[in-house]
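Working notes, structure below.
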Amino acid sequence: MEEAADRPVFYYDLGSPYAYLAAERVNRVLPVVPVWQPILLGGIWKSTGGESWALTDARASEMAQIEDRAERYGLQPIRWPRGWPGSSLTAMRAAIFAQKAGRVVAFSLAAFRQAFAGGRDLSDTDNVLIAAAACELHPNAVLKGIESRSVKEGLREATERAVERGVRGVPTVAVGDLLFWGDDRLEEAAAAL
């Protein structure tokens, strides 16, 4: 999707619990509804040499921080998917498909809630299809879409554009040339608008 120059852009990956925390708040906190742009966090890390904190010694403390923030934000308690973190590739392709269908926000919120409020693993295609059905995307269309060249290329290109813009992790909100990385920086992004 082409990013509107006059609107902030919300970059996210459905496998990120910090992006989930931001997704539940971003449309309320920012004074302008942002462009929701799915990107593949693994692609960001591949380009930048980053890695997941979930695979480091910081895992337990980060998970506790996420649980505390969810409570502070008034969200449902976090239910961690079994085996998290898993691959978000299928879910992110489905998000690009939803974007092309004009349902990216509804799909993304449904998928985030499947993962972090419902404890369902988004590397399981059935869980992705449940989220798609919740926003009136037909499962067969989603299955066909996630295998299409245009969706695969769309995700790759969106991720590459994010890297070129300077995005190094998710969630990130871009306001003009300014990047605000982290769910705890939404208020700063709002102030920059």
Handout entry: Residue list for region 19-66, filter: free of Cβ contacts under 8 Å to residues at least 24 places away in the same chain and loosely packed, with under 13 Cβ neighbours inside 10 Å
Key = Arg28, Lys46, Gly49, Glu51, Thr56, Asp57, Ala58, Ala60, Ser61, Ala64
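Among the residues of region 155-193 satisfying the criterion of being more than 22 Å from Gly49 (Cα to Cα) and among the small types (Gly, Ala, Ser), which is surrounded by the most Cβ atoms within 10 Å (Cβ to Cβ)?
Just the residues of region 155-193 that are more than 22 Å from Gly49 (Cα to Cα), to begin with: 175-177, 184-193.
If we keep only those that are among the small types (Gly, Ala, Ser) too, we end up with 176, 189-192.
Values: Gly176: 10, Ala189: 26, Ala190: 18, Ala191: 11, Ala192: 15.
This residue is Ala189.
Yes or no: region 74-93 includes at least one residue that is in a helix (DSSP H, G or I) and free of Cβ contacts under 8 Å to residues at least 40 places away in the same chain. First the steps, then the outcome.
Kept after step one, since they are in a helix (DSSP H, G or I), are these residues of region 74-93: 89-93.
With the extra rule that they be free of Cβ contacts under 8 Å to residues at least 40 places away in the same chain, the set shrinks to none.
Within region 74-93 (the criterion being in a helix (DSSP H, G or I) and free of Cβ contacts under 8 Å to residues at least 40 places away in the same chain), the answer is no, since none of the residues qualifies.
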Fill in the blank from the handout: Residues in region 20-73 that are under 19 Å from Gln99 (Cα atoms), in contact with a strand residue (DSSP E or B) (Cβ under 8 Å, 6 or more places away or on another chain) and outside any strand (DSSP E or B) total 5
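Of these, Leu137, Leu122, Leu143, which one is assigned to a loop (DSSP other than H, G, I, E, B), over 26 Å from Arg69 (Cβ atoms) and among the aliphatic types (A, V, I, L, M)?
Numbers: Leu122 fails: over 26 Å from Arg69 (Cβ atoms); Leu143 fails: assigned to a loop (DSSP other than H, G, I, E, B).
Among Leu137, Leu122, Leu143, only Leu137 is assigned to a loop (DSSP other than H, G, I, E, B), over 26 Å from Arg69 (Cβ atoms) and among the aliphatic types (A, V, I, L, M).
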Practice task
Scan Ala162, Ala131 and give me the residue that is more than 16 Å from Arg103 (Cβ to Cβ) and within 15 Å of the chain's Cα centre (by Cα).
Solution key: Ala162
Practice task
Kindly establish whether Phe107 is in contact with a Cys (Cβ under 6 Å, 6 or more places away or on another chain), at pLDDT 95 or above, crowded, with 16+ Cβ neighbours inside 10 Å and not small (Gly, Ala, Ser).
Solution key: yes
Handout entry: Among (1) closer than 22 Å to Gly49 by Cα; (2) modelled with pLDDT of 95 or more; (3) not aromatic (Phe, Trp, Tyr) - the single one Gln114 does not satisfy
Key = (1)
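Got a number for residues in region 158-167 being basic (Lys, Arg) and over 20 Å from Ala95 (Cα atoms)? Lay out the reasoning, then the answer.
Within region 158-167, the first condition is being basic (Lys, Arg), and the residues that meet it are 161, 165.
Next, only the ones that are over 20 Å from Ala95 (Cα atoms) stay: 165.
Summing the residues that are basic (Lys, Arg) and over 20 Å from Ala95 (Cα atoms) in region 158-167 gives 1.
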Handout entry: Condition check for Leu41: touching a Lys or Arg at 6+ places or on another chain (Cβ under 6 Å), at pLDDT 95 or above, within 23 Å of Ala110 (Cβ to Cβ) and of a type in the set (A, V, I, L, M, F, W, C)
Key = no
Fill in the blank from the handout: Across region 53-107, the tally of residues that are under 13 Å from the mean Cα position of the chain (by Cα) and on the phi > 0 side of the Ramachandran plot stands at 0
Practice task
Name every residue in region 141-156 that is more than 19 Å from Ala131 (Cβ to Cβ) and either among the aliphatic types (A, V, I, L, M) or free of Cβ contacts under 8 Å to residues at least 24 places away in the same chain (or both), in order of residue number.
Solution key: Arg149, Glu153
Practice task
Select from region 126-154 the residues that are exposed (fewer than 15 other Cβ atoms within 10 Å of the Cβ), polar (S, T, N, Q) and farther than 20 Å from Gly43 by Cα and list them in ascending order.
Solution key: Asn140
Practice task
For Gln114, work out the one condition from (1) buried (at least 21 other Cβ atoms within 10 Å of the Cβ); (2) touching a strand residue (DSSP E or B) at 6+ places or on another chain (Cβ under 8 Å) it doesn't fulfil.
Solution key: (2)
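The values are calculated or read from the model by the stated rules, or taken from the named source; none is laboratory data. Fair warning: this is a prediction, and the values are worked out from it, not measured in the lab. Reconstructed Cβ throughout: ideal geometry from the backbone, glycine too, with neighbour counts over all protein chains shown.
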